[in-house]
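Comments concern the structure below.
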Amino acid sequence: MRTSVARRTTALAGAATALLLAATALAQAQSADSEATHHPRTASAATTPLAGFRVLLSNDDSMQMARPNGSDGKGLYEVRHALCAAGADVVVFAPWANQSGAGTGSTTSGQLTVERRTALPLDYAQDCSTAPAQGAVYGVCKGGSPCGPASLSATPADAVRLALGGGLAAKAGWQDGPGLVVSGTNYGQNVASVVNESGTVGAALAAIGEGVPAVALSSSYDPTVTTSLEVADRTYRETAAYAADFIGQLKRRDLLKPDFVVNVNYPYLPVGQRPRGTAWTSVGTQQLVKGAYTGSGNTFTIGAGFCAPGVEGCRPETKRDADFAMLQRGYVTVTPLGSDRTYTGVKDLRLAAYVKSHG
């Protein structure tokens with residue numbers, strides 16, 4: 001048993017080292033693409049590291065892109081643009097409406113409907129027009145009727161499982177499925193305690209559960225300027241450009257494996273400032289958001305606020321290599337997320353001994 005665990009630990013450590021080496025130079029090497037408008041470069045062999053590579057793209061923000069601040073899917077279209085510019089063949093299966101905070105939730109009965117978006121956002125309409133699947137975008141809603149304004153949305157995990165379980169074969173002709181699932185980029189970071197509720201991460205976990213490698217992408221923001229579309233545009237664009245390069249590096253090194261989700265968080269930075277580098281991190285223990293419930297009688301209003309240091313009821317950080325701390329310092333964070341929730345720390349030893357003795 002110990003030998004098996006040691007081998008697995010060694011293998012994961014090797015994967016970690018290789019992933020970090022693939023990423024280290026990318027954050028500092030962000031090109032002028034992030035400051036440019038769309039279609040910043042002409043495709044060539046040197047700029048298409050993902051040529052012909054099939055990618056299923058999803059998110060938890062939806063595929064609508066209708067909100068002024070771009071929080072309902074604009075990041076997805078930026079990633080779609082960057083992946084197609086790198087040569088990938090991309091198909092989108094995403095929740096019909098915003099599902100932020102849906103985690104790994106899924107629908108277990110009834111029907112799901114897939115609706116293709118025919119009128120794409122103007123700036124993104126031609127991004128994937130030369131690819132075999134032409135960057136087809138599908139929204140997934142609940143029920144057996146066409147998706148409309150009042151439709152209940154499928155979850156991020158629903159969208160990915162449906163796509164991998166027959167949706168891509170039926171709609172795109174991908175009988176062998178995609179080589180990779182990319183989820184995001186999300187509006188806001190998915191680090192520390194937020195990872196547990198993240199629909200972006202939930203979609204990626206659904207992918208590795210089906211045996212397909214997955215990368216989850218998230219873009220940080222400054223809470224004081226969250227209504228600024230320019231800020232969202234720039235951070236989404238920088239995240240997408242980084243991700244396309246990073247994924248190309250992983251593919252070239254044969255590092256896209258379904259062993260764990262590669263969770264990438266890109267920092268919010270002032271104009272002209274680039275990330276300090278890329279950090280391989282662990283999921284932090286810090287509680288970043290605290291829920292609040294107010295009301296009377298049988299009705300309660302749900303609210304939430306950010307946890308500042310020292311706030312009562314907000315769990316502090318206990319790790320030195322935590323993702324949120326490194327993200328705040330200006331690093332792109334890369335964190336492996338596994339589906340195995342078994343706790344292996346020393347604090348479980350007494351409980352384990354008790355259970356075994358009473359078996």
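Is it true that some residue in segment 177-190 is touching a residue at least 60 places away in the same chain (Cβ under 8 Å), surrounded by fewer than 24 Cβ atoms within 10 Å (Cβ to Cβ) and β-branched (Val, Ile, Thr)?
no
Among the residues of segment 152-162, are any assigned to a helix (DSSP H, G or I), closer than 15 Å to GLY199 by Cα, modelled with pLDDT of 95 or more and touching an Asp or Glu at 6+ places or on another chain (Cβ under 6 Å)? Even if it seems obvious, please write down each step before you answer.
Keep residues of segment 152-162 that are assigned to a helix (DSSP H, G or I), which gives 156-162.
Still in the running and closer than 15 Å to GLY199 by Cα: 156-161.
Imposing the further condition that a residue be modelled with pLDDT of 95 or more reduces the set to 156-161.
Still in the running and touching an Asp or Glu at 6+ places or on another chain (Cβ under 6 Å): 156.
Yes.
Looking only at segment 173-193, which residues are under 20 Å from TYR242 (Cβ atoms) and assigned to a helix (DSSP H, G or I)?
Matches in segment 173-193: none.
Here's a check for you: in segment 152-173, which residue that is open to solvent by 10 Å² or more (accessible area, probe 1.4 Å) and of a type in the set (A, V, I, L, M, F, W, C) is nearest to ASN98 (Cα to Cα)?
LEU152
Scan segment 308-355 for residues that are β-branched (Val, Ile, Thr) and without any contact (Cβ under 8 Å) to a residue 60 or more places away in the chain and jot them down.
If the condition is that a residue be β-branched (Val, Ile, Thr) and without any contact (Cβ under 8 Å) to a residue 60 or more places away in the chain, then VAL311, THR318, THR342, THR344, VAL346, VAL355 are the ones that fit.
Condition first: in contact with a Leu (Cβ under 7 Å, 6 or more places away or on another chain) and among the charged types (D, E, K, R). Now tell me which residues in segment 109-157 satisfy that.
Matches in segment 109-157: LYS142 only.
Need pairs with beta-carbon distance below 8 Å; first residue within 20 Å of ASN190 (Cβ to Cβ) and within segment 211-234, second at pLDDT below 75 and buried (at least 17 other Cβ atoms within 10 Å of the Cβ); sequence gap 6+ or separate chains.
SER219/ALA232; TYR221/VAL231; TYR221/ALA232; ASP222/VAL231; VAL225/VAL231; ARG234/SER34
Going through SER296, SER282, SER339 one at a time, which residue ends up being within 16 Å of ALA192 (Cβ to Cβ) and hydroxyl-bearing (Ser, Thr, Tyr)?
SER282
Here are the criteria: (1) outside any strand (DSSP E or B); (2) modelled with pLDDT of 90 or more. Tell me which single one LEU217 does not satisfy.
Status for LEU217: all satisfied but (1).
The values are calculated or read from the model by the stated rules, or taken from the named source; none is laboratory data. Computed from a predicted structure; not experimentally measured. Note that we place each Cβ from the backbone using ideal geometry, even for glycine, and neighbour counts take in every protein chain shown. The protein model used for the area step is the full one, side chains on, heavy atoms only, and it has no ligands, DNA or RNA in it. Shrake-Rupley method; radii C 1.70, N 1.55, O 1.52, S 1.80 Å.
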